[in-house]
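Chemist: There's a structure below that I have some questions on.
Read-outs throughout are calculated quantities, based only on the coordinates presented, and are distinct from any laboratory measurement. It should be emphasised that the depicted structure is a prediction, and the values quoted were computed from it without experimental measurement. For neighbour counting, all protein chains shown are included, and Cβ atoms are generated from backbone atoms with ideal geometry for every residue, glycine included.
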Number of protein chains: 4
Amino acid sequence: MNLAELKKQVYDCNLELVRRGLVIYTWGNVSAIDRGNGLVVIKPKGIEYNLLTADDMAVTDLDGNLVEGSLLPSVDLDIHLELYKKFPNAGGIAHTHSTWATAWAQAGVDIPVMGTTHADHFYGPIPCVRQLSREEVEHDYERNLGRVIVERFEAIDPVSMCAVLAPGHGPFTWGSSPEEAVEHSVILEELARMAKLSADINGGKAPVLPEYMAEKHYMRKFGPEAYFYQKR
Amino acid sequence: MNLAELKKQVYDCNLELVRRGLVIYTWGNVSAIDRGNGLVVIKPKGIEYNLLTADDMAVTDLDGNLVEGSLLPSVDLDIHLELYKKFPNAGGIAHTHSTWATAWAQAGVDIPVMGTTHADHFYGPIPCVRQLSREEVEHDYERNLGRVIVERFEAIDPVSMCAVLAPGHGPFTWGSSPEEAVEHSVILEELARMAKLSADINGGKAPVLPEYMAEKHYMRKFGPEAYFYQKR
Amino acid sequence: MNLAELKKQVYDCNLELVRRGLVIYTWGNVSAIDRGNGLVVIKPKGIEYNLLTADDMAVTDLDGNLVEGSLLPSVDLDIHLELYKKFPNAGGIAHTHSTWATAWAQAGVDIPVMGTTHADHFYGPIPCVRQLSREEVEHDYERNLGRVIVERFEAIDPVSMCAVLAPGHGPFTWGSSPEEAVEHSVILEELARMAKLSADINGGKAPVLPEYMAEKHYMRKFGPEAYFYQKR
Amino acid sequence: MNLAELKKQVYDCNLELVRRGLVIYTWGNVSAIDRGNGLVVIKPKGIEYNLLTADDMAVTDLDGNLVEGSLLPSVDLDIHLELYKKFPNAGGIAHTHSTWATAWAQAGVDIPVMGTTHADHFYGPIPCVRQLSREEVEHDYERNLGRVIVERFEAIDPVSMCAVLAPGHGPFTWGSSPEEAVEHSVILEELARMAKLSADINGGKAPVLPEYMAEKHYMRKFGPEAYFYQKR
């Protein structure tokens, strides 16, 4: 895939965030990485979705230097770069302020596995990372948020858990492609909503899906003997 | 109705789940049974709704053997087959991960009859079956879920109660046709939402519809002297 | 307005319930009265909205006898007739199972005046009438529900309060025309939602709008010195 | 910009409230000010959005006298005028009865800063002003509501905080243009929703965004060294 195609793909994925109701105005962003050429394509900063074109996508190297395009990259670029550097399987990253995932992020807690909708797509609780210190916020904020996410994922596999909550802020998701990253944002939003509702129905206490149920559902889709998907 | 027509009907019913907002991506499935020929038509597994055609519907016999089509049936096929075998009036079955019904399923409790919207369509609380054991999950999972549903319906009439919650998972509904099965999924979702909201308004305690009110509402639609419906 | 026009008007108002998201399938109904000729036009029973035509509207006299049309009137006709007989200013009546108003009805409590959105349209709490006795449900149910509503309105002015909740069931609204009846259903649904949310934010206790604020807001729209509306 | 253009702009902004789902029927209103000529353009009162034309917008002077147009201005005109007089940077004002912001207004409490979605746009808690006295409501109500808002903003900068809740009533927002005022109404509604949901997830207690996080997020967009936006 050449760079023009990748820009078109990233553009489409950004608009998909709008179509799915996950972002408004300038909120959120999607990026993709071309690992062969060491290039990242990302939404430009501070421009509304309905004014974007595929050509507006910003292209940077892995140090964040603008390589192509007349518009500057998203202010969240450094977060994306940190994740790409440490998550070798990530081909695309999405960030939204979707309502329910953001509400969990604002509450600052992990989303426990309460059902198979969660277990079908994410292996374990959705981690909410630690709050940044004043120092980390005041100097090199976006890069430090990326680092804090990576820090938490030292103990988590970013292939089977491709979502994270930035506390007080909102969700980031990734996948093998930007399309998959967006799909994970959509699914995260829905399971975040279901999780809160089912905890409420359960008298305020998070119901617990038996671990063997979570294991079964994740593995029938993504395990070595997966049988959920098929190709035509 | 010939098989091509039944495939078209099942295809339409699957898309109706999307139009009604009950499913996204590959979630959920609808099937129908041709009892005369012992054939079941069901959505193929792991393919997104917007990529499906009527011709893609998988056709199996009652043992689950693929009879027609190049795509494999839904991984949930065995659940459907168990229900068709034990519920002789079921002509179609629908499974969704709709938000509110799934939230009740994740909480693992029956939905009590709190109003006439419920009583108009379902006779009694919506049952949430028992959680499967580790053994039942690890071996022949889907068939065992079907069996656990059937086990609970030994004491329930599957004609007047055509919905069930799989704990930690989500709802299954059925009806005399796949269209009716889908309609029951739509209505279940709405009453599940109303039930939670009215319990909240009631201080967290489920309000109880007097049994004679529930009886009246169900019977004026489906009892021997029903007067709710008319044919042109 | 002749009868054909009134049937078209009632038909349009029934479809407006669908467009506003207040009903699905066969739920709900709108009627209008031609007081000069003693005729009531109402949605036929048990037919889905998307299959209706203006010509399908049923026309009855005030005793409920079918005067015109080949389809039978809504099963809720007798409720409408009781209200038309006792509320001389009612020109149209709407019944829905809209989510939030129904949730309050299921909880069986009046909706207190918590804000000006409520006070702008309804003068006082939205009354939830008493539950019917077993006897009242088993014999002449629909007429008895109408009577129980009328009974409660002996102490309420049906001009300034044009909405009611049937406990365990759902809302009925009315107005000088069927259009106004539908508008009141839409507004009732929104204020029912706001009421629950604001009580939650207020720690579970319904906030109270000062009575002089409610008075001001209702009177600036509908009082003798109203200044809210204007005609072109 | 001439007056005809300003009327078109105000008309478009009023319709944007409908498109964004913040108002129905005659609820809400948007105005703009032409400070050079001392003129205010505002939605006419009591007319539904779908019946409005750009030409219907009412034009008044700063004392509320109708200068142009055959329709009378919104009953809320005096509130707008008070704000324009005291907030010199306000170019446009929007008022809605949007669900979640109104629910907070009905609860009568400030919306705390619980996340960066809030901090990205509003500097500090969204103030809910004091309830008006009986006297203030009964005489010159709308002007007094404007005064009570201005009173609260003696201690708040109306440039960095361009939203307020009228208790028991609903939100008002403003901005350098009517478009920006509407955008602030949309964002306020979303953060009001997120705030309630995150407090619920947090066990009913409002989570607190560290002050240095709020500072960082507001300042990276609007501070002297802001780097969030860019111009083409």
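Chemist: When Cβ neighbours within 10 Å are restricted to other protein chains, what is their mean count per residue of peptide B:19-25?
Modeler: On the way: counts 0, 1, 0, 0, 0, 5, 6.
Partner Cβ neighbours, averaged per residue: 2.
Chemist: I would also like to ask the following. What's the minimum Cβ distance from chain D to the axis relating it to B, in whole Å, and which residue gives it?
Modeler: With distances in whole Å, chain D gives D:200, 5.
Chemist: How many angstrom separate the Cα center of segment B:93-143 from the Cα center of segment C:13-75?
Modeler: 35
Chemist: Relative contact order, percent, of segment C:3-222 when contacts are C-alpha pairs under 8 Å separated by at least 6 residues? The partial results should precede the final answer.
Modeler: Working: 427 pairs, mean separation 49.1, N = 220.
Rounded, it is 22 percent for segment C:3-222.
Chemist: Can you list the DSSP H helices in chain D whose Cα atoms extend at least 20 Å along the helix axis and whose mean Kyte-Doolittle hydropathy is -1.0 or higher?
Modeler: Working: long enough: D:3-19 (24 Å, -0.19); D:178-201 (35 Å, 0.09).
Passing helices, by number: D:3-19, D:178-201.
Chemist: Continuing with this model, one more query. Label points 7 Å out from Cα along the Cβ direction at residue C:86 and residue D:156: separation in nm?
Modeler: According to this spin-label approximation, the distance is 4.7 nm.
Chemist: Top mean-square fluctuation among B:34, B:120, B:140, Gaussian network model of chain B, C-alpha springs under 10 Å?
Modeler: Among B:34, B:120, B:140, the largest GNM mean-square fluctuation belongs to B:140.
Chemist: Work out the charge dipole of the protein assembly as shown with +1 on the Cβ of Lys and Arg and -1 on the Cβ of Asp and Glu about the Cα centre, then indicate which of D:36, D:182, B:3 is farthest towards its positive end.
Modeler: Final value for the positive-end residue is D:182.
Chemist: If a/c stays under 1.5 just call it rounded; otherwise compare a/b with b/c (prolate if a/b is bigger, oblate if not). Do that for the protein assembly as shown, with a ≥ b ≥ c from the square roots of the Cα gyration tensor eigenvalues.
Modeler: Values: a/c = 1.78, a/b = 1.00, b/c = 1.78.
The shape class here is oblate.
Chemist: So, one more: Where both residues lie in chain B, what percent of DSSP beta bridges are antiparallel, nearest 5? Each step should come with its number before you reach the end.
Modeler: Details: 24 of 25 bridges.
Of all bridge pairs located within chain B, approximately 95 percent are antiparallel.
Chemist: Check residue C:166: other-chain or 5+ apart residues with amide H under 5 Å from its amide H, H built from backbone geometry?
Modeler: Excluding prolines and chain starts, which carry no amide H, the hits are C:172.
Chemist: Taking the Cβ of residue C:197 as the centre, find all other residues whose Cβ is under 10 Å away and add up their charges (Lys, Arg: +1; Asp, Glu: -1). Before the final figure, lay out each step's value.
Modeler: Numbers: positive: C:193, C:196, D:193, D:196; negative: C:200.
Every neighbour counted, the sum reads +3.
Chemist: Still on this model: Could you tell me the convex hull volume per residue, in Å³, taken over the Cα atoms of chain B?
Modeler: On the way: hull volume 31.5 nm³, N = 232.
Expressed per residue, the convex hull around the Cα atoms of chain B is 136 Å³.
Chemist: Rounded if a/c is under 1.5, else prolate if a/b beats b/c, else oblate: with a ≥ b ≥ c from the C-alpha gyration tensor eigenvalues square-rooted, which is segment B:28-102?
Modeler: Oblate, because a/c is 1.5 or more while a/b does not exceed b/c.
Chemist: Also: Of the trypsin sites (Lys or Arg not before Pro) in segment D:113-166, which ones lie in a loop per DSSP and count no more than 14 other C-beta atoms within 10 Å?
Modeler: On the way: sites: D:130, D:134, D:143, D:147, D:152; in loops: D:130.
The qualifying sites are D:130.
Chemist: Given the rule -39500 (n - 2.57) for each run of at least 4 DSSP H residues, summed and divided by the residues of chain C, what is its mean residue ellipticity at 222 nm, to the nearest 500 deg cm²/dmol?
Modeler: On the way: 8 runs with 93 residues, N = 232.
It lands at -12500 deg cm²/dmol.
Chemist: Right, next: Would you mind telling me the antiparallel percentage of the DSSP bridges in the protein assembly as shown, rounded to 5?
Modeler: Values: 96 of 100 bridges.
Once the DSSP bridges in the protein assembly as shown are tallied, antiparallel ones form about 95 percent.
Chemist: Could I ask something else about it? Okay, which of segment D:206-231 sit inside 11 Å, backbone N to the point 7 Å along the Cα-Cβ direction of residue A:66?
Modeler: D:230-231
Chemist: Among D:86, C:216, B:85, C:7, which comes first, second and so on when ranked by fewest other beta-carbon atoms within 10 Å? Numbers along the way, then the final one.
Modeler: Numbers: D:86 16, C:216 19, B:85 13, C:7 22.
Fewest to most other Cβ atoms nearby, the residues stand as B:85, D:86, C:216, C:7.
Chemist: Working only with C-alpha atoms, what are the Rg and Dmax values of segment A:158-232, expressed in angstrom?
Modeler: Cα radius of gyration and Dmax of segment A:158-232 are 14.6, 45 Å respectively.
Chemist: Once phi is turned into θ = phi - 60°, what whole-Hz ³J(HN,Hα) does the Karplus curve with 6.51, -1.76 and 1.60 give for every residue of segment C:62-68, x standing for Gly and Pro?
Modeler: Values, residue by residue: 6, 9, x, 6, 5, 9, 8 Hz.
Chemist: List the residues, sorted by chain then number, that are 5 or more residues from residue D:111 or on another chain and whose placed amide H is less than 5 Å from its amide H.
Modeler: Amide H to amide H, under 5 Å and 5 or more residues apart or across chains, residue D:111 pairs with D:126, D:128.
Chemist: Taking each residue of D:187-199 in turn, how many C-beta atoms of other protein chains fall within 10 Å of its C-beta, and what is the average? Each step should come with its number before you reach the end.
Modeler: On the way: counts 3, 0, 0, 6, 3, 2, 5, 10, 3, 5, 10, 12, 5.
The mean count of partner-chain Cβ atoms within 10 Å per residue comes to 5.
Chemist: Here is a further query. Which of the GluC sites (Glu not before Pro) across segment D:1-66 are loop residues per DSSP, with 15 or fewer other Cβ within 10 Å? Numbers along the way, then the final one.
Modeler: Working: sites: D:5, D:16, D:48; in loops: D:48.
Passing sites in segment D:1-66 are D:48.
Chemist: Might you report the magnitude of the Cβ-based charge dipole of chain D about its Cα centre, with Lys and Arg at +1 and Asp and Glu at -1, to the nearest 20 debye? The partial results should precede the final answer.
Modeler: Working: 22 positive and 32 negative charges, 128 e Å.
Dipole of chain D, to the nearest 20 debye: 620 debye.
Chemist: Which of the residue pairs A:7/A:45; B:221/C:85; A:86/A:221; D:7/D:45; A:45/A:196; C:85/C:231 have a Cα-Cα distance greater than 22 Å in the structure shown?
Modeler: On the way: A:7/A:45 15 Å; B:221/C:85 27 Å; A:86/A:221 25 Å; D:7/D:45 15 Å; A:45/A:196 32 Å; C:85/C:231 31 Å.
Long pairs (Cα-Cα over 22 Å): B:221/C:85; A:86/A:221; A:45/A:196; C:85/C:231.
Chemist: Another question about this same structure. Per residue of segment D:70-75, in order, report the coupling 6.51 cos²θ - 1.76 cosθ + 1.60 (Karplus, θ = phi - 60°) as ³J(HN,Hα) in whole Hz, putting x for Gly and Pro.
Modeler: Result, rounded to whole Hz: 9, 10, 6, x, 3, 4.
Chemist: Same structure, new question: Ignore the peptide's own chain and count Cβ atoms of other chains within 10 Å of each Cβ in D:133-145; give me the average, rounded.
Modeler: On the way: counts 2, 6, 1, 1, 7, 3, 0, 0, 5, 1, 0, 0, 0.
For this peptide, the per-residue mean of nearby foreign Cβ atoms is 2.
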